[in-house]
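What follows draws every value from the coordinates through simple rules; no lab data is involved. Here the structure is a predicted model, which means the values were calculated and not measured. Ideal geometry is used to build each Cβ from the backbone, glycine not excepted, and the neighbour counts take in all protein chains shown.
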Amino acid sequence: MRGTYSVAMANGDEKETQSPAQSGSAEHVTVERAGHVLLIGLNRPEKRNAADWRMLQQLSLAYGELDRDPDLRAGLVFAHGEHFTAGLDLADVSAHIGPTGLDLVPVGGIHPWGMDGHPVSKPVVLAVQGTCLTLGVELALASDIVVAAESTRFGQIEVKRGILPFGGATTRFAARTGWGNAMRWMLTGDPFDAAEALRIGLVQEVVPDGGHYERGLALAQTIAAQAPLAVQATLANARLAVREGPAAAEALLQVELVRLASSEDAATGLRAFAERTTAEFAGR
């Protein structure tokens, strides 16, 4: 059963929120709905939002909720407090590393970094600030649009801790930013700023400090206002092109076009275009 609790949201308002974890446990991830957008907040500010085992599992469950609920069309992931994340809380998580690695996805969850081959099917916007280390950088690589406050500091510092990035940096960083850019930051563990993150394509927008949440929410709401079947099909086809190559994605384009053209949303979109009104999509 889900518990409810009150949290201070990024805009300072206190709102009642549903937990993705079992009732009675500490809430290290907050979940709130804003229309068709699911707001997912890292909530361990006293530890600079370092991800312990509970946070990893609650984040997975929040992604599962976003994926399953047809009324949800996009997600916004943000962090409470001054920092997005200081990375993995190794002291807490290391005890859960078994012979086959780290199995962090409970029943009903989805791997937030998509490392099991089943990424969330809906777009995710990430809004980051302060410190954004290791798994925070990898969450940016796994997300679809990233907004950063201008003073954000990034770091892929696993080599400084004697381990390697295991949340997607080794498979995505070079694909996103180019080989030299990825190796420059992964192999040295050096920190880099938001301007460099924008230059190499890790983030898509840099905004004045304090404006990252509002800008991220605006982007997520814009996405959620579009035809959800078309958005999800576009996302899935683009991912297929990255994963299996352009030919695999191109082979499905006409099939997807026929499917979407017969949807209620397509009729709504055409009618709104003809009448010069704003389409209200139903997701059918």
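Some notes on this structure:
- The dipole here belongs to the chain: it is taken about the Cα centre, uses +1 on the Cβ of Lys and Arg and -1 on the Cβ of Asp and Glu, and is about 440 debye.
- For region 2-224, the share of DSSP beta bridges that are antiparallel, to the nearest 5, is 45%.
- Summarised in one figure, the compactness ratio Rg/Rh of region 98-160, Cα atoms and Kirkwood Rh, is 1.01.
- Within-9-Å neighbourhood charge of Thr131 [Cβ basis; K, R +1; D, E -1]: +1
- Of all segments of the chain bounded by GluC sites (Glu not before Pro) found in a DSSP loop with no more than 15 other C-beta atoms within 10 Å, the longest spans 83-279.
- Top of Pro45, Pro112, Pro246 by mean-square fluctuation, Gaussian network on the chain, Cα under 10 Å: Pro246
- Within the chain, all pairs of alpha-carbon atoms sorted by distance into 10 Å bins from zero give the percentages 6, 28, 35, 22, 8, 1, 0.
- Spatial offset of region 57-90 relative to region 110-145 amounts to 9 Å, using the alpha carbon center of each.
- Within the shell of other residues whose beta carbon sits under 13 angstrom from the beta carbon of Gly210, the net charge comes to -3, with Lys and Arg scored +1 and Asp and Glu -1.
- Backbone amide hydrogens, once placed in the peptide plane, bring Ala74 within less than 5 Å of Leu38, excluding anything fewer than 5 places away on its chain.
- Using θ = phi - 60° and Karplus 6.51 cos²θ - 1.76 cosθ + 1.60, couplings along region 141-148 (whole Hz; Gly, Pro as x): 5, 8, 8, 9, 9, 10, 10, 10
- Here the Karplus relation 6.51 cos²θ - 1.76 cosθ + 1.60, evaluated at θ = phi - 60°, turns the backbone of region 46-59 into coupling constants of 5, 10, 6, 6, 4, 7, 8, 4, 5, 4, 4, 5, 5, 5 Hz, with x for every Gly and Pro.
- Taking a ≥ b ≥ c as the square roots of the eigenvalues of the Cα gyration tensor, region 110-265 is oblate, since a/c reaches 1.5 or more and a/b is not larger than b/c.
- Selection from Gln221, Leu61, Gly167, by position along the positive dipole direction of the chain (Cβ): Gly167
- Spin-label pair Glu275-Glu150: with each label point 7 Å from Cα along the Cα-Cβ axis, the two points sit 4.4 nm from one another.
- Amide H contacts of Thr152 (H built 1.01 Å from N, under 5 Å, at least 5 apart or other chain): Gly130, Ala194
- As a proxy for reagent exposure, ranking Thr171, Thr100, Thr268 by other Cβ atoms within 10 Å from fewest up yields Thr100, Thr171, Thr268.
- The phi-based Karplus calculation (6.51 cos²θ - 1.76 cosθ + 1.60; θ = phi - 60°) puts the 3J(HN,Hα) values of region 213-222 at 5, 4, 5, x, 5, 4, 5, 4, 5, 5 Hz, whole numbers, x for Gly and Pro.
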